[in-house]
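A.B. asks: Encoded as structure tokens, here's the structure I'll be asking about.
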Amino acid sequence: MKLDLKLTESPFVLEVTNESGSILKMDASEQIGGKNKGLRPMEVLASSLAGCMSIDALLILQKQRQEVTSYEVNIEASRKDAVPASFETIRLVFSFNQEVDLEKALAAVKLSHEKYCSVSASLSQQINIQTEVRHLS
């Protein structure tokens, strides 16, 4: 894996480009001079966890012939009031269309978190990662 990060606008607007040319914008919080022109690094980290687990879970469900036509993940994270302000809890709510068997979806999410997701395996064991699976309303 090779990524390039560059400052595109002072003081903190950054662009990360991967080998395929895809671009991610990041910025700092407005409290320290950010301009709200991108995701903050901790937002990227939490969404990376959700994205990694989603790819695993969707692949597992596809192999089980579950037809996922609507899908979303809501992410809520809390951080320590310290320096560094690392995550304390990341809560992921996985929502699927009505036709998806929730028991299979729950098993797929659990397998991803505990066995397959590289992002999950790379995070500190001190982070309380909570998951919920439900149907979209």
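A.B. asks: Please get the size of the charge dipole for the chain, origin at its Cα centre, with Cβ charges of +1 on Lys and Arg and -1 on Asp and Glu, quoted in debye to the nearest 20.
C.D. replies: With only Lys, Arg, Asp and Glu charged at Cβ, the dipole is about 180 debye.
A.B. asks: Let me ask you something else. If I build a Gaussian network model for the chain, linking alpha-carbon pairs within less than 10 angstrom, which residue out of D81, D101, D27 has the largest mean-square fluctuation?
C.D. replies: Largest GNM mean-square fluctuation: D81.
A.B. asks: Report, to two decimal places, the Cα Rg of the chain normalised by 2.2 N^0.38 Å (N = number of residues).
C.D. replies: For the chain, the normalised Cα radius of gyration comes out at 1.18.
A.B. asks: Determine which aspartates and glutamates satisfy two conditions relative to K37: a Cα distance under 12 Å, and not lying fewer than 8 residues away in the same chain.
C.D. replies: Cross-link targets: E9, E15, D27.
A.B. asks: So for V133, V100, V44, fewest C-beta neighbours within 10 Å to most, what's the order?
C.D. replies: Ordered from fewest to most neighbouring Cβ atoms within 10 Å, V133, V100, V44 come out as V44, V133, V100.
A.B. asks: Residue farthest toward the positive end of the dipole of the chain, with Cβ of Lys/Arg at +1 and Asp/Glu at -1: which of L92, Q66, L14?
C.D. replies: Going by the Cα projections, it comes out as L14.
A.B. asks: Moving on. Can you give the % of DSSP beta bridges in the chain that are antiparallel, to the nearest 5?
C.D. replies: 70 percent
A.B. asks: Another question, if that's okay. When L123, L102 are ordered from fewest to most other Cβ atoms inside 10 Å of their Cβ, what list results?
C.D. replies: The fewest-first ordering by Cβ neighbours comes to L102, L123.
A.B. asks: Most mobile of E30, E72, E88 per a Gaussian network model of the chain (Cα springs, under 10 Å)?
C.D. replies: E30
A.B. asks: Within a 10 angstrom radius of the beta carbon, how do S124, S78, S112, S95 rank from fewest other beta carbons to most?
C.D. replies: With the fewest neighbours first, S124, S78, S112, S95 line up as S124, S78, S95, S112.
Quick note: the coordinates plus some simple rules give every number you see, no bench work behind them. Bear in mind the structure is a predicted one, so any value in this text is a computation, not a measurement. So basically every Cβ, Gly included, is an ideal-geometry build from the backbone, and we count neighbours across all protein chains shown.
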